[in-house]
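Working notes, beginning with the structure itself.
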Amino acid sequence: KTGAGMMDCKKALKETEGDVDKAEEYLRKKGIAKAEKRAGKTAAEGLVSSYIHAGSRIGVLLEVNCETDFVARNPDFKELVDTVAMQVAANPDVMYVDVGDADAAWVAKEKELEMGKEDLLSKPENIREKIVDGRITKLIGEKALLEQAYILDTNKTVKQAVQEAVAKLGENIQVRRFARYNLGEGIEVAKKDFAEEVAEQAAKKEATPAEEAAPAAEAPPAEEAPPAAEKNIQISAKDVKSLREKTGAGMMDCKKALKETEGDVDKAEEYLRKKGIAKAEKRAGKTAAEGLVSSYIHAGSRIGVLLEVNCETDFVARNPDFKELVDTVAMQVAANPDVMYVDVGDADAAWVAKEKELEMGKEDLLSKPENIREKIVDGRITKLIGEKALLEQAYILDTNKTVKQAVQEAVAKLGENIQVRRFARYNLGEGIEVAKKDFAEEVAEQAAKKEATPAEEAAPAAEAPPAEEAPPAAEKNIQISAKDVKSLREKTGAGMM
């Protein structure tokens, strides 16, 4: 229950005259005191972790910090981090880590709503404010991760579990931030009744023969050249296989593409790519609210990514090719640390305006004619916006195409609209200021700690006088049974002594 050492357990039992429950409380308070003592220490190491719930419809990305990479590699620290990630998924209402992180504007709005509730009208005016303050305090706690009942032991909160880990591992530990994605949340899905769906399917079937006949009519041979089929071009199985490996298209599509391009593999690849783009554009208007939430944690757990990619049906979401695409794009986000958003249209207008202002003020423009400066800056900004967009990056599995083209090819292959919706990327410790000390300062600090140690070790005995002048536990010669020590160890995880 407390994670304390064996010797700490034995001491706690002596201090509480063998009462296991009181000993547990003693150890918990000791852990809180230790956590508060270390709270001022800089915690910039730690782990970035993720949790993907069964079915890949809920995903969590989490960063928890400690002081050193030594503790970050400790199995107990890793277990805590993984459990807290699962905790975020288990508490869908949590909005922030601690009560102090609640957004002031949101709190003000909630307070205003509470003040307008009818049940307050019957209360004396002088106590309405106090009632509302109490309700808001409760609400803020309900939305804070650290105030939730810990999923491994509901008798304590997440905050208490972290404090116990601080006591056990001897370092400041901070749950820094988290992101949680619920698949399709916020996407409006048009609802149709059964009759509408049947009518739509019937219309599609009636339209099919005309659509199938259209390609032949729409594709007259270039410059009156005879069609590929009439030329009786021989397409080798080797070329079909090569084209399939390059594009991922179906065998018949590859064969048709090779015939249309007279056996030229490179031209056939371009033909299929254009066909894929056309198909992707055709399906772009379809609602995509299914799909997968995926994550990627880089080796060392210092970089983590959470990603949501949508498709139209759960049938395609379960397709191995779709899953491979999603997992690859998650890895892509980690590989491109400069990407800020999914597509160029997602660039923040205020950021674009600021970057444009900076570009306009650069010295190299002063030598240019005034009438073309705006065009030069627009070109630079367009390039910058593209560099920050995920879909415009060179695809890590094939740098000859972009991520957008890889998605378009998946649309052509799987036959559904596919949208990369959103991502979160955490770099461990980014933004945390770490005080730099020279070697002499570190040696002096360590020497000061060693000198202070005897006094600190003696302090607890002096600081803990027995309640109501009762003689200390040691003087009473209390016999502590091995059974009680074992019981307390099982409850708290503390050491025998």
In the stretch 370-418, which residues are assigned to a loop (DSSP other than H, G, I, E, B) and surrounded by 15 or more Cβ atoms within 10 Å (Cβ to Cβ)? Lys388, Gln393, Ile396, Glu416, Asn417, Ile418
When you scan the stretch 222-271, how many residues do you find that are farther than 19 Å from Asn400 by Cα, surrounded by 11 or more Cβ atoms within 10 Å (Cβ to Cβ) and at pLDDT below 70? 5
Checking Glu114, Glu118, Glu164, Glu147 in turn, the sole residue that is open to solvent by less than 80 Å² (accessible area, probe 1.4 Å) and farther than 30 Å from Asp76 by Cα turns out to be Glu114
Considering the stretch 419-434 alone, what residues qualify as being part of a loop (DSSP other than H, G, I, E, B), closer than 20 Å to Leu307 by Cα and open to solvent by less than 50 Å² (accessible area, probe 1.4 Å)? Leu428
Is it the case that Gly429 is without any contact (Cβ under 8 Å) to a residue 60 or more places away in the chain and not acidic (Asp, Glu)? no
Pairs only if they're at least six apart or on different chains, beta carbon under 9 angstrom, first in the stretch 73-100 and closer than 20 Å to Ala44 by Cβ and open to solvent by 50 Å² or more (accessible area, probe 1.4 Å), second in a helix (DSSP H, G or I) and of a type outside the set (S, T, N, Q); list them, first residue then second. Asp76/Ala165; Asp76/Lys168; Asp76/Leu169; Lys78/Ala72
Do you know which residues across the stretch 322-351 are open to solvent by less than 60 Å² (accessible area, probe 1.4 Å) and either among the acidic types (Asp, Glu) or part of a loop (DSSP other than H, G, I, E, B) (or both)? Asp327, Asn336, Val339, Val342, Asp343, Ala347
Out of (1) closer than 22 Å to Phe423 by Cα; (2) exposed (fewer than 12 other Cβ atoms within 10 Å of the Cβ); (3) not small (Gly, Ala, Ser), the one Val305 does not meet is (2)
So which residues in the stretch 308-321 are touching a strand residue (DSSP E or B) at 6+ places or on another chain (Cβ under 6 Å) and surrounded by fewer than 19 Cβ atoms within 10 Å (Cβ to Cβ)? Thr313, Asp314
Taking only pairs six or more apart or across chains, which ones have beta-carbon atoms under 6 Å, a first residue in the stretch 154-179 that is farther than 18 Å from Tyr96 by Cβ, and a second residue that is acidic (Asp, Glu) and in a loop (DSSP other than H, G, I, E, B)? Glu171/Glu67; Asn172/Glu67
Residue ID - nearest to Gly300 (Cα to Cα), chosen from residues in the stretch 38-59 that are among the hydrophobic types (A, V, I, L, M, F, W, C) and surrounded by fewer than 24 Cβ atoms within 10 Å (Cβ to Cβ): Ala44
Report, by residue number, each residue of the stretch 169-191 that is among the hydrophobic types (A, V, I, L, M, F, W, C), open to solvent by less than 50 Å² (accessible area, probe 1.4 Å) and not in a helix (DSSP H, G or I). Ile173, Val175, Phe178, Ala179, Leu183, Ile187
On the given criteria, is Lys356 of a type outside the set (Ser, Thr, Tyr) and open to solvent by 80 Å² or more (accessible area, probe 1.4 Å)? no
Looking at (1) of a type outside the set (A, V, I, L, M, F, W, C); (2) closer than 30 Å to Gly59 by Cα; (3) modelled with pLDDT under 65, can you tell me which one Glu442 breaks? (2)
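The values are calculated or read from the model by the stated rules, or taken from the named source; none is laboratory data. Remember, it's a predicted structure, so these values are computed and weren't measured experimentally. Note: ideal-geometry Cβ built from the backbone for every residue, glycine included; neighbour counts use all protein chains shown. All accessible areas refer to the heavy atoms of the entire protein, side chains included, with ligands and DNA or RNA removed. Shrake-Rupley method; radii C 1.70, N 1.55, O 1.52, S 1.80 Å.
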